[in-house]
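These notes concern the structure reproduced below.
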Amino acid sequence: MEDQQHISTAFDKDLLALNEMVQELGSLAIVQFETAIDALATQHMETLDQLISNDAKLDDLEAAIHEKAVEVIALRAPHAKDLRQVLVALKIATILERTGDYARNIANRTKVIAQAGNENIPGVNIGRMGQVAKEMLHDVMQAYCRHDAELALEVWRRDIEVDHMHTAFYKEVLASMARDPNLVATGAHLLFIAKNIERIGDYATGIAEQVHFLVHGAVPEDSRPKADRTSKVVGV
Amino acid sequence: MEMDAATELMPESKLKAHEVSVFYGEKQALFDVSLNINDKSVTSFIGPSGCGKSTFLRCFNRMNDVIPSCRVQGQIIMDEVNLNSPKVDPVLLRARVGMVFQKPNPFPKTVYENVAYGPRIHGLAANRQEMDFIVEDSLKKAGLWKEVSDRLNDQATGLSGGQQQRLCIARAIAVGPDVLLMDEPCSALDPIATSIIEELISDLQNRFTILIVTHSMQQAARVSKKTAYFHLGKLIEYGDTKEIFTRPQNEQTEAYISGKIG
Amino acid sequence: MNDHHEIVSSSAGVAGLYNAPTSVRMAHIAAGLKKRRAASKRLRIYGIAAICTAVGFLCILLTTIISNGYTAFQQTEIAVTIDVPADEIVDANGAIDVEKSRNYNWDGLVKRSFRKAFPEVTGMLEQRSLGELLSANAGYDLRLQIEAAGVVPTGAVTYWVKSSDDVDMLMKGRMDRSIDEKKRRINDAQLVWFDSIVADDAIRLAFNSTFFNAADSREPESAGVLGAIVGSALALIVTVVLALPLAVMAAVYLEYFAPPGRLTDFIEVNVNNLAAVPSIVFGLLGLAVFLGFFGMPRSAPLVGGMVLALMTLPTIIIATRASIRAVPTSIRDAALGLGASPMQTALDHILPLAAPGILTGTIIGIAQALGETAPLIMIGMVAFIVDVPASFTDPATALPVQIYIWSDSAERAFYERSSLAIMVLLLFLISMNLAAVMLRRKFEKKW
């Protein structure tokens with residue numbers, strides 16, 4: 001933090017603590033997501049169960065961040081950048097917690113797919129999509145840590161890639177399901193999993209917007225680049 | 001944060017007030033106030049003007065004795081002695097309970113003499129060397145030493161407002177009290193000087209039990225561990241500052257904190 | 001309903017200008033402005049007139065005194081050639097024998113020598129008349145002069161001898177030569193001799209040093225104020241030594257230690273009343289208690305000082321209390337908060353800060369005491385004292401009393417001298433008040 005220090009060291013400590021909590025939540029969320037993507041391929045049961053139970057930790061941490069933010073606002077009456085810092089921490093914590101929820105959701109569905117035991121699943125792109133989304137999360141948390149609005153903007157623009165991949169995967173799964181009706185159940189889950197990953201990509205851009213707000217005092221002026229055409233897909 | 005958890009586990013009551021009432025002639029200014037003050041921490045008293053917080057503060061060092069028509073009932077216990085009993089000598093008491101006032105009031109003497117006066121009258125320094133040490137140490141603890149070390153023999157009235165108030169704090173510390181009473185110490189100061197003194201108070205709480213009366217809720221929020229809210233002479237709510245400012249239990253407290261009354 | 005209408009209509013009428021447009025309001029105010037300015041101007045004129053009247057009376061007072069008194073700076077002296085017979089005065093070794101000197105008839109010597117200048121004057125009555133031109137103490141003065149010199153000059157020397165007070169008045173033009181001889185103090189023959197002395201340049205007006213280094217005397221030309229000044233000074237020293245500490249301690253007690261209650265209120269009211277008591281009452285008190293009951297020496301500066309101390313006490317108490325109250329309570333709170341006892345607070349902080357005010361009050365009180373006559377008369381300082389007092393218990397007089405005594409006497413010369421004494425007294429009073437003002441200004445800057 002190159003920012004000047006407050007005369008009140010307690011104030012500095014509080015903001016620092018808040019920051020660290022958010023970063024910890026970010027690390028946890030990224031790990032959860034990473035694990036979920038890997039487990040998609042390995043379908044390792046223990047890993048999946050562990051992931052699902054870990055989600056409670058994220059919920060607790062998000063509640064703690066909430067509590068801390070309220071405390072900082074009530075006791076320190078922050079202004080300007082300090083205020084934005086607190087608000088942004090709140091928002092990002094919520095986003096990260098939901099990211100964790102999606103990771104858990106992916107794990108749950110992966111378990112079901114594994115139990116169904118289907119070999120024939122189209123899954124090439126999903127791993128790749130997950131990877132891109134994971135990198136977005138990682139980079140945007142870096143941007144938050146360093147208050148780097150440029151990096152955040154760059155992540156913000158990457159989401160279009162995820163959207164493209166999602167649209168392609170969607171069509172692919174629909175095609176699979178049309179060819180082989182036995183794959184419908186698995187395919188449905190895969191669609192949801194893909195949707196979750198796409199949402200996580202959106203969340204990363206949400207975090208990027210918050211970082212921009214933190215640094216510049218306003219969200220990015222251009223509208224979020226969106227390329228998700230799945231809602232427009234009619235038939236195969 | 002771990003430190004907080006540790007002290008939360010062992011709060012020691014340095015001062016216990018038990019049903020303290022204060023009368024000015026026939027008029028009652030304070031109604032049966034009871035609370036316990038934790039050792040080595042900052043406790044603040046807030047409330048609208050005329051709510052009795054300064055009156056209550058002054059009970060702790062018997063400064064109310066100076067007002068002719070004032071009568072204090074009830075008990076204030078420190079180290080198992082009731083400070084309010086006539087057997088307690090106020091002069092001795094004030095060597096253990098120091099006070100800093102609203103408007104900085106250094107004596108019209110040199111900086112050195114101001115700090116040295118307290119130790120001198122109580123005979124705390126055997127010779128000049130010891131006195132020099134006491135003065136330097138007190139000024140260092142008050143965060144003023146760097147600014148005045150080369151002008152100890154200048155008139156204290158030549159310092160700025162914030163410096164004068166820190167000098168008054170140094171003067172009170174020099175006597176080596178356990179408790180420091182501060183009656184709106186920053187209300188006559190600009191925001192930067194106020195911040196400096198609040199930071200100083202944060203440091204001092206490791207050594208002293210500090211009671212601070214303030215009309216700025218924000219200051220109480222920034223500085224104190226526990227807060228007591230007074231209204232019209234009654235203690236309305238007393239608890240952890242964090243709780244009072246995020247979830248006050250009494251709706252009167254809520255109204256005051258939110259700026260809806262007084 | 002009716003009330004509502006009344007309110008509306010009356011408010012429309014009463015507040016007519018209040019609700020009127022700005023231009024109407026301003027026109028009205030401007031119209032009234034002329035009267036207000038005229039009233040201000042009148043007030044200023046009254047103020048100036050009052051000041052002028054006061055200053056006018058002051059000028060009249062000062063002019064009268066100065067015009068009457070300035071001539072007292074000088075004393076007429078007549079040149080007389082005298083050959084002091086050494087063998088009548090000195091002893092075997094040639095030094096002056098005090099015993100012989102005292103027994104010698106100096107007066108006769110002076111008058112004989114004087115008569116030599118007027119060989120035409122014969123006859124005892126005439127010669128006595130001539131001798132009356134010189135001071136009655138001329139011989140005494142000469143004796144003192146020779147004794148002070150220590151050696152008798154050989155041969156005839158011209159001495160400047162003091163003239164009588166009547167000749168002095170004549171010389172200074174204060175005697176009306178045109179009135180009837182029987183009503184004059186200088187008869188026609190004496191006038192002729194006087195004129196001849198003047199024509200011979202054997203008469204001069206010299207600086208009246210006697211006024212400043214002699215005590216009272218029956219003869220005006222030998223009278224001075226030194227005795228009175230020393231008496232006043234001694235009395236004032238006693239006053240300050242007694243009144244100042246007592247007053248300061250009483251004020252500190254009343255301000256800080258006295259328990260609130262009826263007794264304290266009673267004391268306070270009476271202190272204020274005492275400041276207004278006529279000074280002669282203190283004189284009566286001194287007479288009854290100090291002289292009557294304790295049997296202290298009459299007319300002594302000690303007793304005078306004690307009486308004046310009683311008189312000045314309330315003034316200094318009131319001034320001290322005002323100064324103490326002027327010290328901000330924050331200082332007292334700070335000292336008490338550190339654990340200073342009330343006595344330490346008063347001595348270390350309050351009194352040093354109140355000192356300038358106390359000092360000023362004391363000086364003003366002393367200046368008042370300096371000019372008091374009535375109480376001193378009551379305790380007997382109105383006696384005729386010819387010696388300069390050497391101690392606090394020697395009989396003495398005070399300057400204002402001396403003025404009173406002199407202004408009462410018949411000789412014109414005493415009248416002149418009492419005016420000069422008034423000037424001396426005024427000078428002391430003004431300088432003391434000036435000192436008070438300067439002290440206050442000097443200390444106020446520091447504070």
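Being part of a helix (DSSP H, G or I), within 30 Å of A:D82 (Cα to Cα), of a type outside the set (A, V, I, L, M) and in contact (Cβ under 8 Å) with a residue 12 or more places away in the chain holds for only one residue in A:T167, A:T205, and it is A:T205. Filtering B:I37, B:I77, B:I67 for residues that are β-branched (V, I, T) and either within 14 Å of another protein chain (Cβ to nearest Cβ) or farther than 26 Å from B:L232 by Cα (or both) leaves a single hit, B:I67. Might you let me know whether region C:413-423 holds any residue that is in contact (Cβ under 8 Å) with a residue 60 or more places away in the chain, part of a helix (DSSP H, G or I) and more than 26 Å from C:F207 (Cβ to Cβ)? No: region C:413-423 contains no residue that is in contact (Cβ under 8 Å) with a residue 60 or more places away in the chain, part of a helix (DSSP H, G or I) and more than 26 Å from C:F207 (Cβ to Cβ).
For region C:193-204, the count of residues that are of a type in the set (A, V, I, L, M, F, W, C) and part of a loop (DSSP other than H, G, I, E, B) is nonzero. Taking region C:223-327 and the helices (runs of 4 or more DSSP H) fully enclosed by it, the elements with 1 or more residues that are closer than 21 Å to C:S391 by Cα are at C:226-252, C:301-326. Which one is nearest to the other protein chains (Cβ to nearest Cβ), of the residues in region B:96-119 that are surrounded by fewer than 20 Cβ atoms within 10 Å (Cβ to Cβ) and within 22 Å of the chain's Cα centre (by Cα)? Per the stated criteria, the residue is B:K103.
When the residues of region B:223-255 are filtered to those that are within 14 Å of chain A (Cβ to nearest Cβ) and in contact (Cβ under 8 Å) with a residue 40 or more places away in the chain, which remaining residue is surrounded by the fewest Cβ atoms within 10 Å (Cβ to Cβ)? Across region B:223-255, the extreme among qualifying residues is B:K225.
Name the helices (runs of 4 or more DSSP H) wholly inside region C:328-402 in which the number of residues that are more than 12 Å from every other protein chain (Cβ to nearest Cβ) and within 17 Å of C:A300 (Cβ to Cβ) is 1 or more.
C:351-370, C:374-378
The residue that is nearest to B:P119 (Cα to Cα), counting only those in region B:164-174 that are without any contact (Cβ under 8 Å) to a residue 60 or more places away in the chain and touching a helix residue (DSSP H, G or I) at 6+ places or on another chain (Cβ under 6 Å), is B:A174. If you go through region C:147-193 and pick out every residue that is free of Cβ contacts under 8 Å to residues at least 60 places away in the same chain, closer than 27 Å to C:A72 by Cβ and small (G, A, S), you end up with 4. Scanning region B:207-220 for residues that are within 13 Å of another protein chain (Cβ to nearest Cβ), surrounded by fewer than 23 Cβ atoms within 10 Å (Cβ to Cβ) and in contact (Cβ under 8 Å) with a residue 12 or more places away in the chain yields a total of 3.
Give the residues of region A:20-54 that are within 20 Å of A:G130 (Cα to Cα) and in contact with a Cys (Cβ under 9 Å, 6 or more places away or on another chain), sorted by residue number. Result: A:G26, single match. Selection within region B:176-199: residues that are over 18 Å from B:K40 (Cβ atoms), outside any helix (DSSP H, G or I) and under 15 Å from the mean Cα position of the chain (by Cα). The member of this set that is nearest to the other protein chains (Cβ to nearest Cβ) is B:D183.
When residues in region B:130-175 are screened for being small (G, A, S) and in a loop (DSSP other than H, G, I, E, B), 4 of them pass.
No value in this document is a laboratory result; all are computed from the given coordinates. Since the model is a prediction, treat every value here as computed from it, not as a measurement. Glycine gets a Cβ as well: all are built from the backbone with ideal geometry, and neighbour counts include every protein chain shown.
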